[in-house]
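We did not get these values from a lab; they are worked out from the coordinates using the rules stated. Nothing here was measured: the structure is a model prediction, and the numbers come from that model. Neighbour counts run over all protein chains shown; Cβ positions are idealised from the backbone, glycine included.
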Amino acid sequence: MGRTRITILSALALLTAVAASVSQVDNLRNTFYTLEHEAYRNISDPDWAPGLGDVALTKVFVAFDARLQALPRPRRIDTRNFLWRKVGEHLQTINGFYDHFVAFMARQVVPGAKPSPTREWYDLAEASIGEGVSVRLVVEKLAELMEHGDLFRSILQQEQADLCELQLSPHQVVYDMYNTIALAEIKAYAMMQFSWMLLRVYARGNYSQEANLTRKRYAERTARTAALARSALTMARRDVYRCNPDNHVAGETYAEVTRLLQGYIENEVDLNGDGTCKENCPYYTVAASHSCYDPHGYCNVQKRCTGRIVNCQYIDSDMWVCPASRSNNRRYEFIEYENGRVLGKPGHCRLGTTKVDSWWRWLFWHCSYCMCLCDEPGPTSDRYFSLWSSTSDVKNNKVVTGVRLVKHGQVFHLQVSEGHLGPRGNVTPGGWVPVQRFAITDKGVREGEDYHTLTYERRAIDLDELEAPVGRVLTGVRFRMIGAHLHFEIRATMFNYTTGRLAPLHSEWISNDNTDVGDTPRKKLELIRPDIPIRGNVPLQIDSAHDQFVEFTHSDLDADAAQSTVPFLDIQPVQPARGAGLLTGAGVYHRGALHSGGFLGLKVISYDMTRHIRADPPPAGYDDDDEESNVLPSDVQ
């Protein structure tokens with residue numbers, strides 16, 4: 001016969017061939033090109049006659065379909081983008097044709113099955129390359145739609161709220177769209193080329209020119225689509241984070257640092273060890289509660305501040321105080337002064353207001369009630385951050401697929417989810433890696449090594465967006481201290497894109513070690529008269545940038561009586577594609593607005609797929625272009 005006959009085993013061997021660095025769907029296209037080339041070399045074999053050759057050819061395509069089905073399905077993109085919806089209609093039609101095509105193929109290769117009648121084989125070809133409603137017609141309409149609208153770039157203008165809901169970066173959306181289109185195009189191309197081959201097996205003509213034209217147009221379309229996708233991917237943002245939920249729920253969507261610099265009323269007579277009232281409130285920049293001088297005073301009613309008292313000020317002599325319940329982290333609901341100034345949100349006081357009056361002592365000492373800030377670490381204050389790392393199991397080839405902040409007891413922890421990394425960026429979702437819990441009172445647990453305590457002097461957190469170098473992926477996160485700043489870091493591990501194998505010994509921690517006193521100092525994000533962020537309907541947007549920092553502080557005195565610590569912490573999980581996304585970075589950001597304390601949140605950065613999008617042209621030499629061509633037989637047209 002002079003030519004090697006293609007067999008199921010040789011077909012499967014061809015299907016295992018890989019092209020370095022290209023994406024999974026681009027690699028699948030290259031695989032089909034090779035398979036197609038071998039099939040065209042063998043369909044002139046005399047043994048490939050109707051009833052034999054058609055079934056043999058079918059087995060080759062069934063083997064290819066097994067490879068196609070093994071490819072991870074592109075994520076479904078639910079978006080309001082009009083152009084994508086129109087494209088999706090054509091893709092759905094192609095998939096419908098392909099499902100029928102595969103079902104027909106499967107019936108032919110069942111052991112002992114009798115091949116379908118010739119008429120049904122012709123009907124299959126007509127559905128693919130006929131002049132009526134066919135795969136070829138749908139592909140032409142899809143190509144026209146893609147030529148007249150820049151689908152991928154239009155996604156870059158998508159509303160961010162939609163992407164927050166999808167939990168995908170614009171980069172991931174573009175990549176998934178490219179995969180969806182490319183996979184459908186491969187199916188369509190396979191059906192059309194099978195049909196040209198089938199007609200040759202049935203000795204109805206050569207169809208070399210038609211097959212080559214189909215191949216040429218397919219190569220042009222895929223090259224153009226890949227170029228458009230790469231162009232959009234280079235511009236597309238790759239960060240993923242959570243937006244504002246419809247409803248804020250404590251412990252589910254947000255958590256709070258509590259009783260750090262909390263508004264606190266104290267009389268001057270109790271702010272010094274001498275029990276005098278000879279100074280004024282601003283004198284007490286750093287003090288403590290030394291006593292309860294007046295047994296009938298407000299000091300006997302409220303919970304005493306056992307920490308430091310800082311930044312006292314005088315507002316008015318007399319006031320009505322609405323206390324908060326004992327189970328509340330607040331001390332007061334609101335405070336109303338005789339001069340009319342109100343701190344906090346006035347309203348019904350469930351526990352009843354208490355009249356608090358300053359007094360004169362020995363005619364010339366005014367023992368004033370001061371409004372101060374209480375810095376009180378201890379069992380009633382949630383202000384501790386774990387310094388332990390949270391990592392994926394790199395020894396078992398697992399990568400970080402998501403991050404979140406969780407609070408156990410009084411301690412805030414970073415937590416990661418992990419997934420198994422496969423070839424060409426494919427990630428199989430796993431689960432959340434259990435947090436190593438501890439209490440600050442546990443034996444052997446030390447402040448500064450195992451955890452950080454927020455205080456008046458040490459309450460800054462750095463805002464950074466960190467990304468691994470090319471060739472590495474995200475495998476861990478942690479906090480550490482740089483000076484007085486709580487600082488975020490990521491772990492990056494080297495990997496092989498084609499095989500998906502991690503190199504655990506080549507892992508490193510990456511950070512931005514700049515400080516606010518460096519050569520190019522970090523800039524402070526100022527919170528101006530910040531109210532608690534769960535109040536009002538003002539949309540909160542990311543207002544921080546890389547290389548900044550923000551300080552935890554008290555909420556606004558007038559808006560909230562300085563009873564809360566802001567920013568709040570966004571504890572919603574950030575897990576792109578439900579744990580099936582490959583990540584290369586992570587960061588800490590602030591989301592807020594004017595007069596809002598906002599939220600501190602975590603973000604992740606999706607892997608840059610741009611360099612792996614490549615539509616290689618088919619190899620030359622499939623057939624001789626100068627051979628005589630034929631039109632479709634009349635009974636197929």
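Can you tell me the length gained on complete extension of the stretch SER291 to LYS524, counting 0.36 nm per residue apart and subtracting the Cα distance? Kindly include the intermediate steps, with their values, before the conclusion.
Numbers: separation 233, 0.36 × 233 = 83.88 nm, distance 3.76 nm.
Full extension of this stretch gives 80.1 nm more.
On the basis of the beta-carbon distance and an R0 of 60 Å, LEU213 and ASN396 show a calculated FRET efficiency of 0.75.
Counting other Cβ atoms within 10 Å, keep those with at most 12, restrict to DSSP loop, and tell me which GluC sites (Glu not before Pro) in the range 100-205 are left.
Details: sites: GLU120, GLU126, GLU131, GLU140, GLU144, GLU147, GLU159, GLU165, GLU185; in loops: GLU131, GLU159.
Sites meeting the loop and neighbour criteria: GLU131, GLU159.
Amide H contacts of ASP531: ASP556, SER596, GLY597, each under 5 Å away and 5 or more positions distant or on a separate chain (H built 1.01 Å from N in the peptide plane; Pro and chain starts excluded).
Which loop trypsin sites (Lys or Arg not before Pro) in the range 376-448, with loop taken from DSSP, have no more than 13 other Cβ atoms within 10 angstrom of their Cβ? Let's see the in-between values first.
Numbers: sites: ARG383, LYS395, LYS398, ARG404, LYS407, ARG424, ARG437, LYS443, ARG446; in loops: ARG383, ARG437, LYS443, ARG446.
For trypsin sites (Lys or Arg not before Pro) across the range 376-448 that sit outside H, G, I, E and B with at most 13 neighbouring Cβ atoms in 10 Å, the list reads ARG437, LYS443, ARG446.
Under the rule that an exposed site lies in a DSSP loop and has at most 13 other Cβ atoms within 10 Å, name the longest stretch of the chain with no chymotrypsin sites (Phe, Trp or Tyr not before Pro) of that kind, not counting the sites themselves. Within the chain, the longest run free of exposed chymotrypsin sites (Phe, Trp or Tyr not before Pro) spans 1-361. In terms of Cα atoms, the Rg and Dmax of the range 8-237 work out to 18.6, 61 Å.
Going through the range 276-363, which GluC sites (Glu not before Pro) have at most 13 other Cβ atoms within 10 Å and a DSSP loop state?
Details: sites: GLU279, GLU333, GLU336, GLU338; in loops: GLU279, GLU338.
Within the range 276-363, the qualifying GluC sites (Glu not before Pro) (loop, at most 13 other Cβ atoms within 10 Å) are GLU338.
Less than 18 Å apart at the alpha-carbon level, and either on another chain or at least 8 residues along: which aspartates and glutamates does that give for LYS59? Those aspartates and glutamates meeting the cut-off are GLU36, GLU38, ASP45, ASP47, ASP99, GLU120. Our coupling estimate for the range 313-329, obtained by passing each phi through the Karplus curve with A = 6.51, B = -1.76, C = 1.60 and θ = phi - 60°, is 8, 9, 10, 6, 5, 10, 7, 10, 10, 9, x, 8, 5, 4, 7, 8, 6 Hz, Gly and Pro reported as x. Centre-to-centre separation between the Cα atoms of the range 289-368 and those of the range 120-183: 66 Å.
Among (1) 25.1; (2) 33.1; (3) 37.2, which one is mean projected area of the Cα convex hull in nm² computed from these coordinates? It is the value labelled (3).
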